[in-house]
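See below for the structure under consideration.
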Amino acid sequence: MPKLAVDNLVGEVVIPPSKSLAHRAIIASSLADSPSIIKNVSYSKDILATISCLRSLGIEIVTFANSLKVIPHPLKRVSDLNACESGSTLRFMIPLMLLQDEEIKIDGINRLKTRPINDYLNIFADFKIKYEYNNELPLTVKGRLKAGKYYLKGDTSSQFLTGLMLALPLLEGDSEIILTSNLESIEYVNMTIKILDLYGIKILKTAKGYYIKGSQKYQSHDYVIPADFSQAAFFLVANFLGAKIKLKGLELNHLQGDERIISILEEMGASFDSDYLVTSLEPKNIDISLKDEPDLLPILAVAALAIPGETIFRDLKRLEYKESNRILATKELIEAVGGKVEVRDYAMCVSKGNDLRPNRVKVYNDHRILMAAAILNLLTKEITVDDLKPVNKSFPDFFKIYEALGGKIYE
């Protein structure tokens, strides 16, 4: 089992591009009227899954070292699709599969096979779309999307909403998405709307949800993917814990929900300079909802161990169905090193406990749990994990950077 050891992390990091924005830009480019160039691309497993699925639908994508060229073609099934472990890929692709009246199957691996897709199954029933699904992937569908009213829960995953927003503008008639519960992760929906606008697609907000005019046409657009606040969060918390890491390429762009990590750490008592080094720190407990940014929980729970008293994170329900059950995996991680965690009603209370200590931890094949464990190492000085490979899902160079900053990895 790999052992991570660190005294401190010092140096400079160029933050990798946003995976969430890359998914959307690549798909929008694939639906456009002519080729597009996308620059600053990182080929994580999730992005490779989206590229593979689009190629399976007949899209030509030429990859270079850190950019790609998307050459659109009419959608058709070349082979069955596999979303691997990417929830975004799965939920974005299903509506695109239904733009043609042809039987198509999509599969996945590991926990993705059982990630919920009930919101789409309900839509299939409403619109009489044929499907085969036995409570886990693969899913086989046959039938076309039709313009109309789509009733969708807002508190399951914003990915269902994004998937429909990508496909419905291409239908002949107008459509409306009507939310039947409060919308969570709204910033991810806003991200989708902003990206679609760049490609000539208009989505209108309504009192009940969203109105989507039909017969719209995607226009080609060359795009540079901004740096990813989801990945920057780990280094920002490292600085909160005493590291000296200058973060380059990171700019507030109001596209990414996880940009909120900055304001949360400021609420926890940190002040940052222009390189995101901590200039002052007066640790404070907070009681905060992560309804719109739930994936920040693992690394924020690590930050909470540096604060006397109790820190509370609320509205965590959707973390049950990630790469791991992130609520339980985070609890186990924090408790393994001596922290105290109480979970109740999808809220987590974290406190430091007595003495933090090195230990072995299981990361449950979850990239965010693994990277949180690596940063937690700043408090324990060494920690043993069961696997390093999960970072390939979102941040393949994470441990290369970790070692360059002074971290050590022993097999």
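The values are calculated or read from the model by the stated rules, or taken from the named source; none is laboratory data. Every value quoted in this text rests on a predicted model; they were computed, and no experiment measured them. Positions of Cβ are backbone-derived with ideal geometry, glycine not excepted, and every protein chain shown enters the neighbour counts. Remember, those area values only see protein heavy atoms, side chains included, never the ligands or the DNA or RNA. Shrake-Rupley method; radii C 1.70, N 1.55, O 1.52, S 1.80 Å.
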Revision key, fill the gap. With 0.36 nm assigned to each residue of separation and the Cα-Cα distance removed, residue 267 to residue 400 gains 44.8 nm
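Label the range 1-68 by shape, choosing from rounded, prolate and oblate, from the square roots a ≥ b ≥ c of the eigenvalues of the Cα gyration tensor; if a/c is under 1.5 it is rounded, and otherwise prolate applies when a/b is larger than b/c, oblate when it is not. Don't jump to the answer; show the numbers that get you there.
On the way: a/c = 3.44, a/b = 2.20, b/c = 1.56.
Cα axes put the range 1-68 in the prolate bin.
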Check your understanding: Under the Kirkwood approximation for Rh and a Cα-based Rg, what ratio Rg/Rh is obtained for the chain?
Key -> 0.97
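Determine the order of 84, 53, 349 by accessible area, beginning with the largest, at a probe radius of 1.4 Å.
Details: 84 55, 53 0, 349 25 Å².
Greatest to least solvent exposure: 84, 349, 53.
Counting DSSP beta bridges with both partners in the range 234-387, what percentage is antiparallel, nearest 5?
Details: 12 of 17 bridges.
Counting only bridges with both partners in the range 234-387, antiparallel ones make up about 70 percent.
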Review point. On a 0 to 90 degree scale, rounded to 10, what angle separates helix 229-240 from the longest Cα axis of the chain?
Key: 10 degrees
Check your understanding: Between 114, 154, 134, whose Cα lies farthest towards the positive end of the dipole of the range 113-172 when Lys and Arg beta carbons carry +1 and Asp and Glu beta carbons carry -1, centred on the Cα centre?
Key -> 134
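Mean projection of the alpha-carbon convex hull of the range 313-391 over all orientations, in nm²? Provide the component values of the computation, followed by the final result.
On the way: hull surface 18.9 nm².
Taking a quarter of the hull surface, the average projection is 4.7 nm².
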Check your understanding: Do any trypsin sites (Lys or Arg not before Pro) in the range 94-170 lie in a loop, going by DSSP, with at most 10 other beta-carbon atoms within 10 Å of their beta carbon, and if so which?
Key -> 128
Practice item. Report, in degrees rounded to the nearest 10, the 0 to 90 angle that the Cα long axis of helix 186-198 makes with the longest principal axis of the chain. Key: 50 degrees
Review point. What is the log10 of I(q)/I(0) for the range 53-211, computed with the Debye formula using one identical point scatterer on each Cα and no solvent, at q = 0.10, 0.13, 0.19, 0.20 Å⁻¹?
Key: -0.35, -0.61, -1.37, -1.51
Check your understanding: What is the spin-label model distance, in nm, from residue 149 to residue 213 if the labels are put 7 Å beyond Cα along the C-beta direction?
Key -> 2.2 nm
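Only loop residues by DSSP count here, and only those with at most 13 other Cβ atoms within 10 Å; note down the chymotrypsin sites (Phe, Trp or Tyr not before Pro) in the range 299-398 that meet that. Intermediate results must be reported in sequence, preceding the final value.
Working: sites: 313, 321, 346, 364, 398; in loops: 346, 364.
Answer by residue number: there is no such site.
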Exercise for review: Mind checking the full-extension length gain between residue 174 and residue 244? Use 0.36 nm per residue of separation minus the Cα-Cα distance, one decimal, nm.
Suggested key: 20.0 nm
Review point. How many nm is it between the label spots at residue 126 and residue 408, if each spot is 7 Å from the Cα in line with the beta carbon?
Key: 5.8 nm
Practice item. Treating cross-link reach as a plain straight distance, find the aspartates and glutamates whose alpha-carbon is under 19 Å from the alpha-carbon of residue 194, omitting any fewer than eight places away in the same chain. Key: 33, 176, 184, 222, 228, 251, 258, 259, 292, 293
Study note, to complete from the structure: Going residue by residue through the range 116-128, the Karplus relation 6.51 cos²θ - 1.76 cosθ + 1.60 with θ = phi - 60° gives ³J(HN,Hα) values, rounded to whole Hz and with x marking Gly or Pro, of x, 10, 4, 4, 6, 4, 5, 5, 4, 5, 4, 9, 6
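Determine the order of 302, 62 by accessible area, beginning with the largest, at a probe radius of 1.4 Å. Working shown, then result.
Working: 302 0, 62 50 Å².
Largest to smallest exposure gives the sequence 62, 302.
Which trypsin sites (Lys or Arg not before Pro) does the range 225-304 hold that lie in a coil by DSSP with at most 14 other beta carbons within 10 Å?
On the way: sites: 244, 246, 248, 260, 284, 291; in loops: 284, 291.
Passing both the DSSP loop test and the Cβ count: 284.
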Review point. How long is the gain from residue 78 to residue 65 if the chain were fully straight, where each residue apart is worth 0.36 nm and the alpha carbon distance is subtracted?
Key: 2.1 nm
Review point. Where the centroid of each part is defined by its Cα atoms, how far is the range 347-411 from the range 220-249 in Å?
Key: 17 Å
Revision key, fill the gap. quick note, the chain, DSSP beta bridge pairs, % antiparallel (nearest 5) is 65 percent
Check your understanding: Within the range 27-154, how many lysine pairs that are 8 or more places apart, or on different chains, have C-alpha atoms less than 15 Å apart?
Key -> 11
**Study point:** Simple Cβ-charge dipole of the chain, Lys/Arg +1 and Asp/Glu -1, about Cα centre, in debye nearest 20
**Key:** 760 debye
Review point. Which shape class applies to the range 272-411: rounded if a/c is under 1.5, otherwise prolate when a/b exceeds b/c and oblate if not, where a ≥ b ≥ c are the square roots of the Cα gyration tensor eigenvalues?
Key: rounded
Review point. How much accessible surface does residue 73 have with a 1.4 Å probe, in Å² rounded to 10?
Key: 80 Å²
**Study point:** Rounded tilt (10° steps) of 367-380 against the dominant C-alpha axis of the chain
**Key:** 10 degrees
Revision key, fill the gap. Per residue convex hull volume, Cα only, the range 215-338, in Å³ is 140 Å³
Study note, to complete from the structure: Here, residue 325 and residue 118, labelled 7 Å along Cα→Cβ, have an inter-label distance in nm of 1.6 nm
Review point. Along the range 41-54, what does the Karplus equation 6.51 cos²θ - 1.76 cosθ + 1.60 (θ = phi - 60°) give for ³J(HN,Hα), rounded to whole Hz, x for Gly and Pro?
Key: 9, 10, 8, 6, 4, 5, 5, 4, 5, 5, 4, 4, 5, 5
Check your understanding: Any number yet on Rg/Rh for the range 149-254, C-alpha, Kirkwood?
Key -> 1.09
